[in-house]
1. Cross-link candidates for A:Lys227: which lysines have Cα within less than 27 Å, leaving aside residues fewer than 8 places away along the same chain?
2. Could the peptides A:270-280, A:491-501 be put in order, highest first, of the mean number of other beta-carbon atoms found within 10 Å of their residues?
3. Rounded to the nearest 0.05, what FRET efficiency do A:Glu372 and A:Ala455 give with R0 = 25 Å and r taken as the Cβ-Cβ distance? Could you check?
4. Normalised by the residues of the stretch A:326-458, what does the relative contact order come to in percent, with Cα pairs under 8 Å and at least six apart?
5. Nearest 0.05, what FRET efficiency do A:Leu487 and A:Ala364 give at R0 = 35 Å with Cβ-Cβ as r?
6. Mind pulling the angle between the C-alpha long axis of helix A:156-168 and the longest principal axis of chain A? Nearest 10 degrees, somewhere in 0 to 90.
7. Round to a whole angstrom and tell me the spacing of the C-alpha centers of the stretch A:240-256 and the stretch A:277-343.
8. Among DSSP beta bridges lying fully in chain A, give the percent that are antiparallel, nearest 5.
Amino acid sequence: MTFRIHNTLTKSLEDFRALHDHGAVTFYSCGPTVYDDAHIGNFRSFLNADLLRRALELHGYTVKHVMNITDVGHMTEDDAADGGGEDKMAVAGRRIAEAKKSGRLPAGAEIDASNPYAVADFYADRFLEDARHLGLKVAIEERVHPELMPRPTRCVPQMIALVEQLVAGGFAYVAKDGVVYFSVQSFPAYGRLSGNTLEHLREGEGGRISAEHQAVKRHPADFMLWKPDPTHLMRWPSPWGDGYPGWHLECSAMAKMLLGEEIDLHSGGEDNIFPHHECEVAQSCCASGRPHFARVWFHTRHLQVEGEKMSKSKGNFFTARDLFSKGVTPAALRLELVRTHYRTNSNFTMQGLRDCQRMIDRWAAARVALVERAASVSPNAAQDGPMQRALVEFKDAVGDDLNLARAMAALNTAIGETAAGDAKAELAALDAMNSVLGVFERNEALASAANDDLAAKVEVLLERRKAARVAKDWAESDRVRDELTVLGVRIKDGPQGTTWERAV
RNA sequence: GGUCGCGUACCCAAGUGGCCUAAGGGAACGGAUUGCAAAUCCGUGAUUCGUGGGUUCGACUCCCACCGCGACCUCCA
């Protein structure tokens with residue numbers, strides 16, 4: 001079965017062909033920066049990368065997936081190329097210090113806000129926690145294989161080596177200001193990925209390049225590889241003086257270190273196409289002498305919230321943990337973030353989250369029924385049942401440029417059909433579909449102190465309602481139910497008694 | 001100014017030249033069930049695919065223009 005995927009580099013759908021016949025598919029994803037909590041837009045990109053990886057695995061590939069955690073504090077303004085503004089890690093430290101003072105620091109957080117490494121570790125740990133809840137496989141693997149989620153502050157020697165190699169090869173130069181720049185004119189293919197060729201790049205159109213820095217560069221698009229700055233918050237010794245690496249450098253260096261000079265897949269958000277990935281290509285290809293860095297570039301479009309651009313000022317800015325604390329299950333959030341095709345803008349809504357939860361609950365109920373059937377009915381391999389038939393379509397859909405909507409439709413259709421086929425094989429087929437969806441393992445709201453308080457309250461009310469119902473005191477019973485509704489709790493009466501959940 | 005993606009029912013969304021008088025899910029509505037609800041189960045939904053032209057025997061699907069939304073052009077997933 002072929003696996004088709006859209007490649008930003010060629011702007012077309014391609015049949016995926018692994019670089020190597022044997023061994024794993026090599027996949028590098030641009031991960032989070034850790035000077036704040038990752039928001040759901042970040043997670044849409046990371047989860048789509050995870051979906052791609054899982055889809056490849058369903059198609060029989062072994063995937064070595066690496067995702068970096070950027071713990072170098074980049075600058076707040078205009079810094080990528082030139083290094084102006086303030087270090088974001090310093091801003092984060094100050095924010096934590098303020099939170100500490102006002103008592104808003106999250107429980108159990110003992111951190112030295114003046115230490116940028118501690119700030120980075122604090123947010124990195126929170127990211128990993130969120131990512132594991134959401135089923136990001138690479139974050140789950142990281143517990144056993146920490147090298148799969150490398151951090152640039154621990155790979156500075158590799159970055160310096162890469163810069164040395166580029167300088168020696170004539171692809172980079174030290175300018176009058178002591179900064180090492182990559183020379184875009186030394187790489188004729190510059191612009192191939194993004195379409196921003198040197199002719200198309202109009203000087204200053206983005207309005208963020210200061211004339212002062214431009215003056216020392218050979219070409220306005222030349223970007224920084226190493227900036228000497230003895231006063232910088234995070235700095236390392238180098239042949240060009242104490243300073244810090246340019247922000248495109250880490251991905252090239254770490255991908256090479258962990259996956260090799262040429263890799264199968266590279267992913268990121270659409271905003272990474274230019275300049276970040278364009279610059280990575282330039283660095284990596286010039287250093288390796290190969291025509292390609294990544295064979296396939298995979299980019300996820302941005303997420304909107306309730307039809308608007310997500311922003312803190314509009315109040316529609318969500319982190320994963322914000323939603324978890326409202327009782328949203330990781331499964332529902334995961335599905336809401338990946339169900340819209342990765343190459344279209346998706347619109348995150350609370351209603352969408354509820355839709356996903358309904359769908360997941362129906363799948364989960366079908367699984368429970370299958371487990372029961374597998375335990376009670378003797379094997380019967382006469383014919384494939386609905387799940388086995390759905391799996392064929394599911395696999396094909398997922399291998400068609402990650403057409404998850406079509407894949408889910410196949411599963412939904414199967415769920416509406418009468419159970420048939422060998423129950424164990426049917427269960428295996430359903431679980432194979434879930435190996436891509438990744439929802440069954442995380443379809444529970446997360447526990448928190450606030451939830452525990454609520455649970456205690458709810459238990460008391462449920463007992464009271466039960467007593468009223470036994471006494472056929474319907475007025476009291478309904479009153480208690482209204483009280484629960486006010487608390488944001490939805491109850492379900494079933495044969496095994498009453499269950500409840502927080503309304504989302 | 002340049003480069004690029006998208007626009008299908010109330011919402012999410014598949015379909016990219018005839019099988020489309022357009023999948024699937026949610027919401028809504030009707031029915032079963034229930035003390036009444038919720039949950040569950042059954043049923044109902046676009047003669048139409050942003051707008052206007054064109055190509056074609058035939059267009060949601062190709063081309064052109066326009067409108068709208070979004071991304072990038074050195075912070076950004």
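1. Partners within reach: A:Lys88, A:Lys176, A:Lys217, A:Lys256.
2. Ranked by mean Cβ neighbours within 10 Å, highest first: A:270-280, A:491-501.
3. 0.35
4. Relative CO of the stretch A:326-458 lands at 37 percent.
5. The value I calculate is 0.90.
6. 40 degrees
7. Spelled out, the Cα-based centre of one part sits 22 Å from the other.
8. Looking only at bridges with both residues in chain A, the antiparallel portion is about 55 percent.
Coordinate-derived values only; no laboratory data. As the structure is a computational prediction, the values presented were derived from the model and not from experiment. No Cβ is skipped: glycine too gets one built from the backbone with ideal geometry, and neighbour counts run over all protein chains shown.
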